[in-house]
Amino acid sequence: MLNIFFGDMPESIYNTSVYFNNQYEDEWITDKLSVEMIKSIDRSEVLGANAIKSPVLGIIPTTSLSGGVKTLILIANDKKHIFNASTCGDNCAKWILKIAENRDITINLRHIMDFGKKKFKINVLNTNETVTNMEELLHSAYKFV
């Protein structure tokens, strides 16, 4: 299940890009889920653990991936930390929900992310209530962001 804490959360990793650049492991990049997320979010192809083929930038190092993809990869692979998912655009929301299908994850948001029109199950930690759609999420989270 996806757990979200809205607003300031001192224990979360705020600068996910810098953290990723210094902590990622090669196997995270070539993992099937990461390859799919990189293709979907950055429109780029994983050539190897240290080479990404971008349609705009050409061959780039892994550290040049977007902040959103870096955050998604951290959420999927680093089970010890909570990450600031406000570095992600709304196009990352479906991937956050997908990661949460397989295990409980907690993220920090400093804005209200659009999780779309489909039903979902999210626990808002600020209020300890479970919401199942965007209307409920907005109602539960607006006072914290």
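Only the coordinates and a few stated rules stand behind these numbers; no lab work does. All figures in this text were calculated on a predicted structure; none of them were measured in a lab. Using ideal geometry, Cβ is built from the backbone for each residue, glycine included, and neighbour counts are taken over all protein chains shown.
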Long-range amide H partners of Glu129 with built H, under 5 Å: Val124
Computed over the chain: relative contact order in percent, which uses C-alpha pairs under 8 Å that are six or more apart: 32 percent
Distance in nm between pseudo-label sites at Leu47 and His139 (7 Å out along the Cβ direction from Cα): 5.1 nm
Cα gyration tensor category, rounded, prolate or oblate, for the range 61-145 with a/c compared to 1.5: prolate
Two-site label geometry, Asp104 and Lys39: point separation in nm, points 7 Å out along Cα→Cβ: 3.3 nm
Simple spin-label estimate for Lys121 and Asn22 in nanometres, 7 Å along Cα-Cβ: 3.7 nm
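Grab the DSSP H runs of the chain that are 4 residues or longer, score each as -39,500 (n - 2.57), total them, divide by all residues and round the 222 nm result to the nearest 500 deg cm²/dmol. All intermediate terms of the calculation are to be shown ahead of the outcome.
Working: 6 runs with 53 residues, N = 145.
The helix-only estimate for the chain comes to -10000 deg cm²/dmol at 222 nm.
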Hits among lysines - C-alpha to C-alpha of Lys118 under 16 Å, sequence gap 8 or more where chains match: Lys94, Lys98
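So which GluC sites (Glu not before Pro) in the range 1-93 pass both tests, a DSSP loop state and at most 16 other Cβ atoms within 10 Å of the Cβ?
Numbers: sites: Glu11, Glu25, Glu27, Glu36, Glu45; in loops: Glu11, Glu25.
Passing sites in the range 1-93 are Glu11, Glu25.
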Listed candidates (i) 11, 26, 13, 8, 11, 14, 12, 6, 0; (ii) 12, 43, 31, 12, 1; (iii) 11, 42, 35, 11, 0 - label of the one calculated as P(r) over Cα pairs in 10 Å bins from 0, in percent: (ii)
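Please list 112-120, 65-73 highest first by mean number of surrounding beta-carbon atoms within 10 Å per residue.
Details: 112-120: 14.7, 65-73: 24.3.
Top to bottom by mean Cβ count within 10 Å: 65-73, 112-120.
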